[in-house]
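Engineer: The structure's right below; bear with me while I get my questions together.
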Amino acid sequence: MAPATLLGSTGGDPARGDAARPGEAAGLVDRFGRRAVDLRVSLTERCNLRCTYCMPAAGLPFAPDDALMTAAEIERLVRLGSERFGVRKVRFTGGEPMLRHDLVDVIARCAALPDAPELSLTTNAIGLAHRAQALFDAGLRRVNVSLDTVDPDVFTTVTRRPFLDKVIAGLSAAHDAGLAIKVNAVLLRGVNDELAPDLMRWCLDRGYELRFIEQMPLDPDHAWDRTSMITAAETRAMLSESFALVPDDAPRDGAPAERFRVLERRPDGGVGAELGTIGIIASITESFCADCTRTRLTADGNVRSCLFSDDETSVLGPMRAGATDDDVAELWRRAMWAKPRDHGDDTDDLVHPTRGMSAIGG
């Protein structure tokens with residue numbers, strides 16, 4: 001089956017720029033010279049929380065299970081990413097990946113690939129307490145846990161679920177299993193922003209690397225408002241009242257977070273011992289699009305070149321119709337060649353995607 005008959009785009013034309021499109025050896029490159037070596041794979045659209053900035057209280061309509069990639073299909077695409085395109089890191093996302101009954105199998109399959117990429121997982125940690133060791137044994141090496149506060153009442157307000165104890169138990173089990181841990185937090189004005197220093201100290205005391213992330217326009221209600229968003233600059237200023245933040249001089253290499261070494265700030269204004277590191281992800285106000293190294297697969301098998309873009313190219317449909325590895329690789333390459341310059345398009349405007357974060361994958 002020729003690649004030209006397989007193009008399955010759900011918005012936009014993935015074949016834009018074919019005349020200048022590079023050869024296979026170049027990997028997943030785009031028109032602006034960026035090369036994608038970091039793959040995000042969504043495993044499900046479902047979630048057991050209803051965070052106010054991510055999902056309506058009543059939830060969303062989710063794709064049926066038979067529309068989602070199977071473990072074998074995920075393994076095939078991860079293998080293609082690694083073999084054909086030099087993908088070195090894979091992070092599994094959702095929705096909530098822990099809701100996949102075959103999650104350990106997915107990890108084990110990908111970890112067993114020749115020249116397997118580094119495997120990590122974004123999760124809310126609910127249920128992780130019972131699966132952390134099995135995931136580590138299967139080949140997982142890091143979890144990024146979404147946790148916006150350690151205040152039980154505020155946690156319930158943000159997530160609409162009283163499950164903070166389950167999250168903390170999951171973090172503890174992940175640590176005991178040997179998994180590296182990062183904690184992702186979104187600050188909401190008037191909700192949990194004043195608790196940011198408390199969350200940071202809680203994470204530093206336990207050796208978890210905290211990442212503060214600017215709230216992004218990825219809510220399906222389209223209620224996001226830039227004027228009410230806590231910016232990275234505000235976050236740095238707030239934290240600096242209690243801690244000294246020293247920029248980490250290690251190269252970012254396309255990483256979304258700007259990292260800081262954290263030092264104790266003494267009552268006399270001096271600086272004390274180093275406590276650890278944190279990261280701040282300024283997706284909106286300090287865009288790092290020019291250095292983006294990411295490519296994405298949605299749970300229903302679409303290549304998404306940009307988190308903020310609505311352009312998607314189906315690879316799952318062609319795979320199920322008999323596409324060869326060469327066919328699928330060509331589709332993926334074309335989709336990434338058409339990657340927009342910045343925040344979803346080639347202008348300076350901010351695109352608010354139609355699909356929410358739970359459908360796209362974090």
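Engineer: When region 310-337 is examined, which residues are found to be under 28 Å from Asp225 (Cβ atoms) and buried (at least 20 other Cβ atoms within 10 Å of the Cβ)?
Structural biologist: Those that are under 28 Å from Asp225 (Cβ atoms) and buried (at least 20 other Cβ atoms within 10 Å of the Cβ): Asp311, Glu312.
Engineer: Return only the number of the condition from (1) at pLDDT 95 or above; (2) polar (S, T, N, Q); (3) farther than 17 Å from Pro152 by Cα that Gln215 does not satisfy.
Structural biologist: (1)
Condition check ((1) under 25 Å from Phe32 (Cβ atoms); (2) more than 16 Å from the chain's Cα centre (by Cα)) across all residues:
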| site | (1), (2) |
| --- | --- |
| Arg206 | no, yes |
| Ile230 | no, yes |
| Asp253 | yes, yes |
| Ala282 | yes, no |
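Engineer: Considering only residues that are assigned to a loop (DSSP other than H, G, I, E, B), without any contact (Cβ under 8 Å) to a residue 40 or more places away in the chain and over 30 Å from Phe308 (Cα atoms), which ones fall in region 241-294?
Structural biologist: Arg266, Pro267, Asp268, Gly269, Gly270
Engineer: Something else now. Just to check your reading of the model, which residue among Cys292, Cys306 is within 30 Å of Ala244 (Cα to Cα) and either open to solvent by 10 Å² or more (accessible area, probe 1.4 Å) or at pLDDT below 95 (or both)?
Structural biologist: Answer to the selection: Cys292.
Engineer: Now, a different point. Take region 121-175 and flag every residue that is of a type in the set (Phe, Trp, Tyr) and under 19 Å from Cys47 (Cβ atoms).
Structural biologist: Within region 121-175, Phe155, Phe163 meet the criteria.
Engineer: Only helices (runs of 4 or more DSSP H) wholly contained in region 115-196 count here; list those with 3 or more residues that are under 15 Å from Leu49 (Cβ atoms).
Structural biologist: Details: elements: 132-138, 152-159, 164-177.
In region 115-196, 152-159, 164-177 are the helices (runs of 4 or more DSSP H) which contain 3 or more residues that are under 15 Å from Leu49 (Cβ atoms).
Engineer: Whether any residue in region 169-183 is open to solvent by less than 60 Å² (accessible area, probe 1.4 Å) and either of a type in the set (D, E, K, R) or farther than 22 Å from Gly127 by Cβ (or both) is what I want to check.
Structural biologist: So far as region 169-183 goes, yes, one or more of its residues are open to solvent by less than 60 Å² (accessible area, probe 1.4 Å) and either of a type in the set (D, E, K, R) or farther than 22 Å from Gly127 by Cβ (or both).
The values are calculated or read from the model by the stated rules, or taken from the named source; none is laboratory data. Because the structure is a prediction, the values reported are computed rather than measured. All Cβ positions, even for glycine, are placed from backbone atoms using ideal geometry, and neighbour counts span all protein chains on display. Heads up: the accessible areas ignore ligands, DNA and RNA and are worked out on the full protein's heavy atoms, side chains in. Shrake-Rupley method; radii C 1.70, N 1.55, O 1.52, S 1.80 Å.
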